[in-house]
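*Asks:* Have a look at this one.
The values are calculated or read from the model by the stated rules, or taken from the named source; none is laboratory data. If you're wondering where the values come from, they're calculated on a predicted model, not measured in any experiment. Don't worry about glycine lacking a Cβ; one is built from the backbone with ideal geometry, like all the others, and counts go over all protein chains shown. Surface areas here come from the heavy atoms of the whole protein model, side chains and all, with no ligands, DNA or RNA. Shrake-Rupley method; radii C 1.70, N 1.55, O 1.52, S 1.80 Å.
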Amino acid sequence: MFTLIIEDKNGALVGEYTFEDGEFIVGRSQQADIQLPADNVSRRHARIFTEDGRCFIQDLNAANGVWVNGRRIHASTELPRSAQVRIGDFFLHIEGAAFARPMTSPVYARLVPMPGSIGELTELTQSPVMVGRGKDCAVVLQDVSVSRIHSKLTQDDGGRVFVEDLRSSNGTYVNDRRVTSQELQHGDRIRFGTVAFSFQIEGMPEVDLSESAPQPQRRTQGNVQGAYAQRAHQAFAPMEHPPEQSYPAEQRTLLPQIAAIAVIVVAFVALVVLAGFAYDRFVAPKLDGKKAETESTRAAREAKGDDDDKPAKKTKAAETPETPTPDPKAVQKVQFDELMTQGREQMGQKQWAAARGHFERAQRLDVLASEPQIALNKIALEEDAGGKVAEAFKAFERKDARAAVRLYKQVPASSVYGLDAQKQLQAIADLAEFDRQKSCHGRPRDLVKCLADCELVLSTGRAGGSAGDECQRFAQQSGQPEKVDKPGGSKR
């Protein structure tokens, strides 16, 4: 036996369900088994089902996903004991006697807080892992220097872990160097704003985090230049500083840099001098000879009257421009704009399913963009309005005009179906008014049908004042004044 408890984002109880086996659809639609009325909940958001006495949940390609214990799922997932499921702004708590052991995933790395930092020890088991101040992040850091969605940690197929800065305000740093994207090594110091961690790969020796411990060194261009400077200093030290002399510690630390700069300047000047000498000695005479030869050849051709001085054909290699390497972010932006344009065209043609597919792909390309989600919400509203118009048309065909009027009035005027709904209401009002004239003014007069036609006319909201007054008079004559409403909606 399982118990499902639903709470909203404020912790208020929304509903409680008890079940032993079966399948339940969770979503915003009225046809859903468990209805969650919110814009960030899809019409068919998730499926909860049981199998062999165990409870599972499946994401039905919802725009905002299904989150189990703070991690987004992408396939049918078995629910652990006391699991917390988040769907939109709602939290679902699953309790039951028959549960499998809790979900476990292999730990591939850890974020160990540095001394004095507010962070907590975090084990990395999923990929990607979002880091930020927002509640949707897997690693939540409540610090003013951390953005709502600050960084992303990703493990590739080869086991390498990368950190990517998501346009945060205060930046992401690896070993005190600001990065946009960087592969992490065991023992690297990674800092989100001012919150610092030590990145430690599972299975590697634990890193000493004390201040006296040596910090990891990356092989960067600055490190290589420093090594060359140190070697140059060691080579020239006997000549520059005799053994009997001693220098302060501050001066000794600057000697490698000074020696390196001197070597680089001398080498650069020598290179410039050699390049100038080589140009004057070898290149310039050849260029002058070719120029003289070209002028003499042209003069001889003009003397002979040769008019075949045509430009040489360009080779295929010269005609073909060099193709620049495309920028991945620019390519992603172009793909995003194309998907948004195609989705809007599909919306204009009322092809809601195709448009939804384009906007969902655009949302996966740029998770920070709000336009795809706004368009998805608009599609959900239009599908709901279109469904009401279709149901109203079927009700009118069944000669259930009252149900048709009620459904047409639920269609928002801002919807693309709003004008059709208003036209259908006017058509029903005209037919009902025609029937009312026959039943109320015919010979003989049928007061029962007259009152029924009056109620239908007034329910459409399209009746004039004279029709309302006549209906009130006929109602008083029949002795049932309380059953007929004026156009304003008040009863007598």
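*Asks:* Which of the chymotrypsin sites (Phe, Trp or Tyr not before Pro) found in region 1-91 are in a DSSP loop and have at most 16 neighbouring Cβ atoms, other than their own, within 10 Å?
*Replies:* none
*Asks:* Just read off the accessible area of Leu287 with the full protein assembly in place, 1.4 Å probe, to the nearest 10 Å².
*Replies:* 90
*Asks:* Rank Thr325, Thr460, Thr341 by accessible area, highest first, at a 1.4 Å probe radius?
*Replies:* Listed by decreasing accessible area, they come as Thr325, Thr341, Thr460.
*Asks:* A further question follows. Tell me, what is the per residue accessible area of region 1-117 in Å², probe radius 1.4 Å?
*Replies:* Here the residues of region 1-117 average 52 Å² of exposed surface.
*Asks:* Now for a different question. Quick check of the Kirkwood formula: for region 314-420, what is the inverse mean of 1/r over all pairs of different Cα atoms, in Å?
*Replies:* 16.8
*Asks:* Continuing with the same structure: For the pairs Lys378/Lys399; Lys152/Lys350; Lys423/Lys449; Lys152/Lys333; Lys9/Lys388; Lys333/Lys388, note any where the Cα-Cα span goes beyond 27 Å.
*Replies:* Cα-Cα > 27 Å for Lys378/Lys399; Lys152/Lys350; Lys9/Lys388; Lys333/Lys388; rest within.
*Asks:* Keeping the other protein chains in place, figure out the carbon and sulfur percent of the accessible area of region 1-54, with a 1.4 Å probe.
*Replies:* On region 1-54, the fraction of accessible area on carbon and sulfur atoms equals 40 percent.
*Asks:* Roll a 1.4 angstrom probe over the protein heavy atoms and tell me the percent of accessible area of region 358-440 that is carbon or sulfur.
*Replies:* Ligands and nucleic acids excluded, carbon and sulfur reach 57 percent.
*Asks:* To continue, here is another question. Loop-only check: which trypsin sites (Lys or Arg not before Pro) in region 380-427 are DSSP coil with at most 15 other Cβ within 10 angstrom?
*Replies:* Of the trypsin sites (Lys or Arg not before Pro), the ones in loops of region 380-427 whose Cβ has at most 15 other Cβ atoms within 10 Å are Arg398, Lys399.
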